[in-house]
Amino acid sequence: MIAPVPEIKLVTDRTIIEYGPVHFRENQVDMWLPQSAELYYDWKGRRSHRRHGFSNYLLFSVGDKQRISAPKIEDEAASN
């Protein structure tokens, strides 16, 4: 934020996010993910600071193998 927003009485707004490496053993994948986030703001004359910590990440994947084949045609005798 470059300047205060007088219409909503927001004076300051800051976010700090720290990233770090996370290793997932199952798929042998390493990713940089948020370790913590800190939020500071001064809104309507109230100052606030919040800190969030992130851990115990879970990794999941979805297989997406496309199989294209001719459409199945039902036998007319089987449907009667």
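The values are calculated or read from the model by the stated rules, or taken from the named source; none is laboratory data. All values reported here derive from a predicted model rather than from experimental measurement. Neighbour counts run over all protein chains shown; Cβ positions are idealised from the backbone, glycine included.
Numbers for the structure displayed
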{"item": "Test result for Asn80, farther than 30 Å from Lys9 by Cα, modelled with pLDDT of 90 or more and out of contact with any Asp or Glu (no Cβ under 9 Å at 6 or more places or on another chain)", "result": "no"}
{"item": "Lone unmet requirement of (1) surrounded by 11 or more Cβ atoms within 10 Å (Cβ to Cβ); (2) part of a strand (DSSP E or B); (3) touching a Phe, Trp or Tyr at 6+ places or on another chain (Cβ under 9 Å); (4) not hydroxyl-bearing (Ser, Thr, Tyr) for Trp32", "result": "(1)"}
{"item": "Filtered residues of segment 35-64 (kept if surrounded by 14 or more Cβ atoms within 10 Å (Cβ to Cβ) and either touching a Gly at 6+ places or on another chain (Cβ under 8 Å) or part of a loop (DSSP other than H, G, I, E, B) (or both))", "result": "Gln35, Ser36, Phe54"}
{"item": "Filtered residue count, segment 1-39, keeping only those that are acidic (Asp, Glu) and either touching a residue at least 60 places away in the same chain (Cβ under 8 Å) or over 30 Å from Leu58 (Cβ atoms) (or both)", "result": "2"}
{"item": "Residue list for segment 1-18, filter: within 27 Å of Leu33 (Cα to Cα), aliphatic (A, V, I, L, M) and at pLDDT 80 or above", "result": "Ile16, Ile17"}
{"item": "When residues of segment 2-19 are limited to those that are of a type outside the set (Phe, Trp, Tyr) and in contact with a Leu (Cβ under 7 Å, 6 or more places away or on another chain), the one surrounded by the most Cβ atoms within 10 Å (Cβ to Cβ)", "result": "Pro4"}
